[in-house]
Every structure is written in C-alpha cells, then in structure tokens.
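Take a look at the structure set out below.
The values are calculated or read from the model by the stated rules, or taken from the named source; none is laboratory data. Only a predicted model underlies this, so the values are computations on that prediction, with no experimental measurement involved. Neighbour counts are summed over all protein chains in view; Cβ atoms, including those assigned to glycine, are modelled from backbone coordinates with ideal geometry. Protein only, heavy atoms only, side chains kept; ligands, DNA and RNA dropped before computing areas. Shrake-Rupley method; radii C 1.70, N 1.55, O 1.52, S 1.80 Å.
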Amino acid sequence: MKLREQLTALLTSLAGVWIMSYAWIVLKLGSIHVPDAGFLPFLCGAALAVLGVAWLLALHWTKRKEAPAEKRLWHRPLSSLLLMIAYGWAMETLGYISSTLVFVIAWQQIVEKEKWAKTLSIAVLSTLAMYALFVHLLKVPIPSEFFLR
Amino acid sequence: MDIFSGLLDGFAIALTATNLLFCLLGAIIGTAIGVLPGLGPAATIALLLPITYVIGTPVTAIIMMAGIFYGAMYGGSTTSILLNLPGEAASVVTCIDGYQMAKKGRAGAALGIAAIGSFVAGTLAVVGLTMFAPPLAEFALDFGPPEYFALTTLGLLLAVTLSGGSIIKGLIILLFGLILAMVGLDPISGKIRFTFGSIGLQGGFDFVTLAMGVFGLGEILYNLESTMKTEIVTTKLGKVFPTLGDWADSRWAICRGSVIGFFVGIIPGGGAVISSLASYAIEKKYSQHPEEFGQGAIQGVAGPESANNAASSSSFIPLLTLGIPGNAAIAMIFAALMIQGITPGPFLVAEHPDVFWGVIASMYVGNVMLLVLNLPLVGLWVQMLRVPYGILAPVIVLFTTIGVYSTQNQVFDIYAMLFFAAVGYLMRKLDFDPAPLPLAFVLGPLVERSLRQSLLLSGGDPAIFVSRPISGILMVIFVLLIVGQTIFFLRRKWKRRCCVPVPPETEKSL
C-alpha cells in the first residue's frame, strides 16, 4: 500500500506541475487586475504539486504496519469494466436490446460464473424490464437494432 | 410571504396526488437503498438523476430526491442492527449496540426505537429548517462575489477537514474536482480549457456522468472485489413498538441526538456521519451506565439514529439558502435542481417559493410515511437483503448506462461515465474519500467566477476578501481552520515521537 501511495503522490505532484505549465503557456494567467482563463488552474496546479510533495513527506515520516487485508478479487472489477466498455460500443453498433441481452449473459458467465438456465432467465427478464421502464414508460430514445435498420 | 403562509402553500403543493406519490416513491427507494449495504444515498440519487429530466415539475423531482436522502437514513439502521453491517455510512455506530440488542433477541425493539427516534428527530429538524431557512436566505441576499468566494472555499475546506479521513488526500480530491469543473469553455474569456481537441469535452463534463461513474459504478466495481459473506441474525424480530421502559431510557437520547444532528448538519462537511458519531460519544460520556454501551444499550441506537436523521434534514439549509451543498448527496440534489433550471441560493425562496416550501412541507409528510413504512414493514425490508449482488450489480449497470445515455443521446457520455467509474474505483483502492469531488465539481464554477469577479471589482486588490465584514469573518475562520489543523497534526506527531508508542495501525496521515 505504501509504495502504491508513494507512486500516487509522485504522480499528483507531476500532474500539478503539468497543469501549472499548461495554464501558464496555453491558457495564460492574465494579471491580478484582470485574471485570465489560466489563473485558477495555475493556482490549483501549484497546490496539487505542493500537496503531492507533502503527501510523500508524510508517508516518509509515518511508520505504518498494514492490517491483514481481506482477500479481494481484482479480476472481477477488471473484467466487468471491460464488459461495460464493450457494452457501450455494442449499444451503438448492435442496438440496445441485443447488446443488453448479450451484456447480461456475458456478465453472468464471466463475472458471476452462473449456470446457463439462471443466466438466460436473468438476461431476458432484466432486458425486458429495462425496455419497459425506459422505452415504454419514460420514452427514452434508444439506439435502433442493427438487424432492423 | 411569512413562514406560516409559506408553509401552508407548501403543504398545498406537497399534498397533491402526484407529489404524494413521488414522495412515497422516494421514501421507499431511500429505505431500500439504506437497507442494502454497498449503495449509499449519494449513489442512488446519482443513478436517478436522469429521471429528473422526464419528471414534469422541478418540485416533484426534488421531493423524490429528498425522500431518497432522508429515507436512506431510516433504512440504514436495519442492516446495522440485523447484520452488524452499516447499510450506509451514517449508521456505522448503530452497529455497536444495535447488533448486540439483536443478538439478545431485542432486534424488534432496536429497529422500533431507531424508526421512532428518526421520525422525532427528522420532524424536529424540519421545524428548525422551516424557522431558520427564510431569515438566512434574506441575510444572504447581501452577499457579493467576495462573500461567495469566502463561503464556498470555507465550505469546501470544512468538507475536507470534517470528513475524518486524510486531509492531504481530501484536498487533492478537492483540487481534482475543481480542475474537472474547469474542463470546457471558460465562462468569462470564452477560451477552451483541458479538452485536448475533443469536441465532446467542449461543453465540459456532465455532472450526471461524474456522479454515476464515481458513486454508482465505482462503488459496484469496488464491491465486486469483495469475497465477504454476511449472515442475517436469525432470531425473531419480536415487537417493533418499544416498551414504556425503552421509551423512558431513550427519550433524552433522542432529544439530544436531534439537537446535535440539526446543528452538525448545517455545517458543510458535517452531515449525518459526524452527527451520529458525536451523539454516540455524548450518550456514552454522560450515561449513568457507560459500561452498558457496546453490550446493547438502547440509547446507543436511539441517539445516533436520531442525530443522522436530523442532520440529513438540516443539511438542506445551506443548500436552499446559500446554494452551498454540504455533502455528496446534497450535491446530487443541487445538480437535480440545476437540471430543472433552478439555481439554489438566496433567491430561491423569492423566485421559486413553490420549490422551497413544497420541498420543506414534503419532508413533514415524508417523515410520517417513513414511520409507517419502517415499523410494520421491517420484515419486508429484511427479505430484500436476500437479493444476490450478482443480480443487483448488472441491473445497476444497465440502469446507469441507459440513464446516462438518455441525458444527451450520445455514447460519449457512457465512455465518460466509465472513465469516472475507473477513477472512483481507484479512489477507493487508494483510500480516498470521494465525497469532496462532487462538491468541488458543482461549486467549482462559483468559486472561479466569484474569485475573478472580486479581483475585477477591487482592481486586483486581494484585500477585498478581508476588508468586507462577512467575507472577512469567513476568511478568518478559514485561516484559523488551517492553522488549527496544522498545530493539531504537529502536536500529535510530536507526542507520538516523544512519549507513547501508539499502535501503528491506528496512525493516520495528515
């Protein structure tokens, strides 16, 4: 955890320096009488750079013993995030109904490792519920189906 | 319009069939998400923000959002008492004695006193809101850019310092939120900032995508990592109506919790979590039997549950009168108002009295609804805990995706939301409290505008922030807060180095 935090602190400082230079060179600071678009971003960047260094120093001074961590499954959030990105792409390409159906099936199989019968019933019911709520009840325009275009 | 006639008009609005229905809907959704661990009121309001586009009138939308917020406080106690797992953050301390009561077969009494305490405190806080909000709004009419700059920066700083986590991390998130708010067109000079050539970013990030990503999907992604399983207390709930003895034991705890919650809720960053912690500490300190706390003392449930409800109602005061959201959930309601074309602040009571009084009146009604929902239906809420997360999570993903798509009918918003989901997930992994992010994002434009307008007004003289009485006082508090926090940190460090070897896992960085 400490190494991860040190890296984040360093990145925070670097991001702060980058924001300062972007605000100075690209956006322009203006003057104290007439501040320009880069004025507040510059101040925020400077504060971030300082806070990153302060965090690094605080980590250096603080001796922490890590508490035993609960076992966590990192691959589940990663695979679900990838599925969500694919869902966003498929929604526009395949259409709302097909992509939603495929997404829920993929989620239940890859993330939850469910049996096929349960997977299919959850997928059909949730797709129908979403369609009824958003399209019929709330009249939300959805991307049309690829096969019906 | 005086307070009494305003309130009467408010009741006329709140008691229409549509508003009653949406108030009930908000109360039910709020209780449900309060019961379900892992999804807080801020996340739920974020998930429902797109629905506000299709709800006809602003007052109806805000009545529902408010219902979700204070409804979650009622529901949160259920999981704390039955599972020893807080349904939402403000119910953390309820676990201590509530769960012990449940283990002793007094779950019903604990749930009952939590609901009654919540009702009493919630109603008292709404009375306070009715009395305090109009004069405060009138006072705030005199505020100019320097006062707004001082107030918003102080509010943001308080939100970080009172959150209880690392102050450095809180400030980093705050600045990150401010920078995100600057993406797109600069409102004064018209320059494009931080878009890197993307046309989709020229209008800036949408609050709905940020809120849904960080609070909705970010939380889902983090919860997916967990392998923890919890068991519901299997003992019978018993009678949910407290006995006369229970009532006698907890009545003063409810009163004290109401007062503490009301005042802590007004402070930006104070909110429901701190008020419940403060109430528990006070009940234990002044109890004649402090040794009973942690063993199932009913005051340990009544006080904190009353405090968190009072705080959730009183946190509407800075929003409705000054336009300053004090916590993440209130920031979502701020966004809902903006979506409806209403700017919260001192002009709200004069320009939109229907919204102002309608929402306040609906809170009286909502509290009664929640009491009715929570006491007899507690068994039903417990059944809801049996819905597997494997079903709940993809349904929430579907909900957020179509919800965020519906705001502007473009897939770009879905990708923006997924970016914020990854940010929210990483924030939790690195132990960052995400609460200051939406506050900084919604207040960012106001901070920048008031800073630049103040400097233009004064011809570049920063003394304008201290030379005017209200902004001067606020700035003095701001400086005192920074100095106080620094001294507190250095003293704690010095004590640790010189004196006592404190257990390392309790050490927290600045």
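Structure summary
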item: Equivalent ellipsoid, chain B (semi-axes from 5 times Cα gyration tensor eigenvalues, Å); result: 34, 27, 25
item: Heavy-atom accessible area order for B:Ile96, B:Ile342, largest first, 1.4 Å probe; result: B:Ile96, B:Ile342
item: Accessible solvent surface per residue of chain B, calculated while the other protein chains remain in place, 1.4 angstrom probe, Å²; result: 37
item: Efficiency of FRET from Cβ geometry, B:Phe196 and B:Leu430, R₀ 25 Å, rounded to 0.05; result: 0.50
item: Residue-normalised accessible area of the stretch A:2-61, expressed per residue, 1.4 Å probe, Å²; result: 51
item: Nearest 10 degrees, 0 to 90: helix B:145-161 Cα axis against chain B principal axis; result: 40
item: Nearest-ten-degree value, helix B:107-140 long axis tilted from longest Cα axis of chain B; result: 30
item: Exposure of B:His352 as accessible area (Å², to 10), given a probe of 1.4 Å and all protein chains; result: 50
item: 14 Å beta-carbon shell around A:Lys28, net charge (K/R +1, D/E -1); result: +1
item: Largest to smallest accessible area among B:Leu490, A:Leu48, A:Leu81 [probe 1.4 Å]; result: B:Leu490, A:Leu81, A:Leu48
item: Interface size A-B, as summed buried accessible area [1.4 Å probe, Å², nearest 100]; result: 5900
item: Rounded percent of accessible protein surface that carbon and sulfur make up, chain B, 1.4 Å probe; result: 69
item: Approximate spin-label separation A:Glu92-A:Val34, in nm, with each point projected 7 Å along Cα-to-Cβ; result: 4.1
item: Alpha carbon centroid spacing (whole Å) that separates the stretch B:130-147 from the stretch B:180-230; result: 31
item: Exposure of B:Arg256 as accessible area (Å², to 10), given a probe of 1.4 Å and all protein chains; result: 100
item: Global geometry of the protein assembly as shown, whether rounded, prolate or oblate, following the gyration tensor of its Cα atoms and the 1.5 cut on a/c; result: rounded
item: Solvent exposure, largest accessible area first (probe 1.4 Å, DNA, RNA and ligands not counted), of B:Tyr74, B:Tyr425; result: B:Tyr425, B:Tyr74
item: Residues in the stretch B:359-404 occluded by at least 40 Å² - accessible area, probe radius 1.4 Å, against chain by itself; result: B:Gly390, B:Ile391, B:Pro394, B:Val397, B:Leu398, B:Phe399, B:Ile402
item: Chain A: most fluctuating residue of A:Leu40, A:Leu78, A:Leu120 per GNM, C-alpha cutoff 10 Å; result: A:Leu40
item: Note, ³J(HN,Hα) from phi for the stretch B:394-403, Karplus 6.51, -1.76, 1.60, rounded to Hz, x at Gly and Pro; result: x, 5, 5, 4, 4, 4, 5, 5, 5, x
item: Net lengthening on full extension, B:Leu21/B:Phe412 (0.36 nm per residue, minus Cα-Cα); result: 137.4 nm
item: Cβ-Cβ FRET estimate between B:Ala463 and B:Trp252, R0 fixed at 41 Å, reported to 0.05; result: 0.25
item: Three semi-axes of the equivalent ellipsoid, the stretch A:2-61, Cα gyration tensor, whole Å, largest first; result: 28, 10, 5
item: Helical mean residue ellipticity (222 nm; -39500 (n - 2.57) per DSSP H run of 4+; nearest 500) of chain B; result: -23000 deg cm²/dmol
item: Area of B:Glu225 that stays accessible when all protein chains are in place (1.4 Å probe, Å², to 10); result: 0
item: For the stretch B:50-125 and the stretch B:432-483, distance of Cα centres in Å; result: 34
item: q = 0.19 Å⁻¹, the stretch A:75-149: log10 I(q)/I(0) [Debye, one scatterer per Cα]; result: -0.82
